[in-house]
Amino acid sequence: MNQRLIIHLDMDCFYAAIEVRDAPELAGKPVAVGGASDRRGVLTTCNYEARKYGVRSAMPTYMALRKCPGLIVLPTRFDVYRAESARIRKIFRRFTDLVEPLSLDEAYLDVSRLTHPGAAIAAEIRGRILEQTGLTASAGIGPNKLVAKIASDWNKPDGQYEVTPQTVAAFLRDLPVRKLWGVGDISAGKLERLGARTCGALQAFSRIELHGIFGKFGLELYDLCRGIDNRPVEPSRPRKSLGTEETFPTNLTSLQECEARLASLHAGLLAELAEKEASREIHKLFVKLKFGDFSRTTVERVGDRPLLEEYRRLLAEGFARREQSIRLLGLGVRFAEEPAAPEQLALALEPSRAGFPGT
């Protein structure tokens with residue numbers, strides 16, 4: 001079986017970069033795209049000039065303006081972003097049919113069947129994106145999705161990094177465990193308290209030990225810290241739902257405490273929706289609770305507007321179901337089922353350039 005070759009392509013500050021491209025007078029200035037400056041507004045993304053001030057995506061707009069008073073906040077133009085994303089995906093599909101979009105601005109590509117080196121393929125794709133859109137992209141090249149995605153962040157912006165099968169072990173040895181898929185603040189803190197700040201340190205734990213500490217996720221950690229990831233690149237992977245959640249270091253004991261945490265979760269959900277699923281039709285809203293005794297409940301209602309007031313109602317209903325403190329709170333949306341797309345006709349490509357698929 002041939003060694004897999006996976007590329008993770010990630011556009012650099014995609015929405016903000018489009019705005020600066022279309023308004024060159026913004027070049028060199030801190031720019032963000034997102035909501036209004038009131039307390040409900042949330043940034044979708046920002047450029048690197050803004051990030052120097054500590055501004056980041058999913059940050060409330062009012063907070064971003066405090067950190068960077070000169071920040072230029074522009075409204076979203078998702079029709080433009082979707083059109084640019086479609087142009088970029090068309091470039092991807094000239095190289096491989098195995099393209100798995102993660103959002104409008106990033107995707108996995110399985111290029112195992114191509115004969116060119118991975119670094120050359122990634123450079124060619126990035127060059128065509130720049131030529132045809134005026135936008136830059138970064139890439140990670142590796143033997144699987146896990147390694148490729150981590151590597152794509154290594155030489156940002158407008159760069160790429162390759163991890164070969166022979167260098168996976170060295171690449172992971174000093175990698176912080178926080179870089180691994182599924183490791184959030186809570187699990188990272190737990191690992192660090194165990195002395196496992198890096199993947200190399202985490203490799204000292206056996207499967208049995210990790211399972212005892214983290215349950216089923218511990219078995220995944222055993223593989224992830226070694227760079228083992230057998231997930232295929234899936235061209236058709238429509239997401240059924242999208243949500244965000246938080247596990248609290250100290251259980252919440254009142255509805256008021258839960259409501260106080262709901263607003264930040266809601267802001268994060270809106271940012272995720274705007275970035276990853278802006279074009280999808282929402283069918284239901286839901287709130288998930290895990291109680292102090294580890295039992296769970298989910299409350300959901302049909303609805304297409306993810307308003308904070310609606311989530312407050314769902315939270316109140318869920319909280320009233322048990323006389324228990326709350327250790328985890330989550331909220332999200334479920335998407336309407338999309339009709340199956342008609343089979344696409346194969347496109348005839350122009351003659352190749354230097355052995356690559358034609359433009």
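The values are calculated or read from the model by the stated rules, or taken from the named source; none is laboratory data. Just so we're clear, the structure is a prediction, and the values are computed from it rather than from any experiment. A quick note on method: Cβ atoms are made from the backbone with ideal geometry, for glycine too, and the neighbour counts reach across all protein chains shown.
Observations, loosely collected:
- Restricting the search to helices (runs of 4 or more DSSP H) fully inside the stretch 1-102 and requiring at least 3 residues that are within 30 Å of residue 145 (Cα to Cα) and of a type outside the set (Asp, Glu) gives 14-22, 48-51, 78-93.
One line per residue, one yes/no per condition, for (1) at pLDDT 95 or above; (2) crowded, with 24+ Cβ neighbours inside 10 Å; (3) of a type in the set (A, V, I, L, M, F, W, C):
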site	(1), (2), (3)
1	no, no, yes
19	yes, no, no
33	no, yes, yes
39	no, no, no
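- Comparison of 269, 262, 285, 273 shows that the only residue that is buried (at least 16 other Cβ atoms within 10 Å of the Cβ) and over 30 Å from residue 86 (Cβ atoms) is 262.
- Odd one out for residue 102 among (1) within 22 Å of residue 20 (Cα to Cα); (2) modelled with pLDDT under 90: (1)
- If the condition is being part of a loop (DSSP other than H, G, I, E, B) and either aliphatic (A, V, I, L, M) or assigned by TED's automatic domain parsing to the domain that holds residue 145 (or both), then the stretch 186-195 contributes only 194.
- Qualifying residue in the stretch 167-182 (condition: touching a Lys or Arg at 6+ places or on another chain (Cβ under 6 Å), under 21 Å from residue 290 (Cβ atoms) and of a type outside the set (Val, Ile, Thr)): no
- Given (1) outside the structural domain of residue 111 (by TED's automatic domain parsing); (2) within 28 Å of residue 99 (Cα to Cα), index of the condition residue 159 fails: (1)
- Leading residue by the ranking (modelled with the lowest pLDDT) among those in the stretch 307-333 that are surrounded by fewer than 18 Cβ atoms within 10 Å (Cβ to Cβ) and closer than 14 Å to residue 283 by Cα: 307
- Within the stretch 206-231, the residues that satisfy the criterion of being loosely packed, with under 13 Cβ neighbours inside 10 Å, among the charged types (D, E, K, R) and touching a residue at least 12 places away in the same chain (Cβ under 8 Å) are 207, 231.
- Residues of the stretch 186-195 satisfying the condition of being over 23 Å from the mean Cα position of the chain (by Cα) and not charged (D, E, K, R): 194, 195
- Identity of the residue in the stretch 196-247, assigned to a loop (DSSP other than H, G, I, E, B) and of a type in the set (Gly, Ala, Ser), that ends up nearest to the chain's Cα centre (by Cα): 236
- Put simply, of 147, 183 the only residue that is within 18 Å of the chain's Cα centre (by Cα), modelled with pLDDT under 95 and outside any strand (DSSP E or B) is 183.
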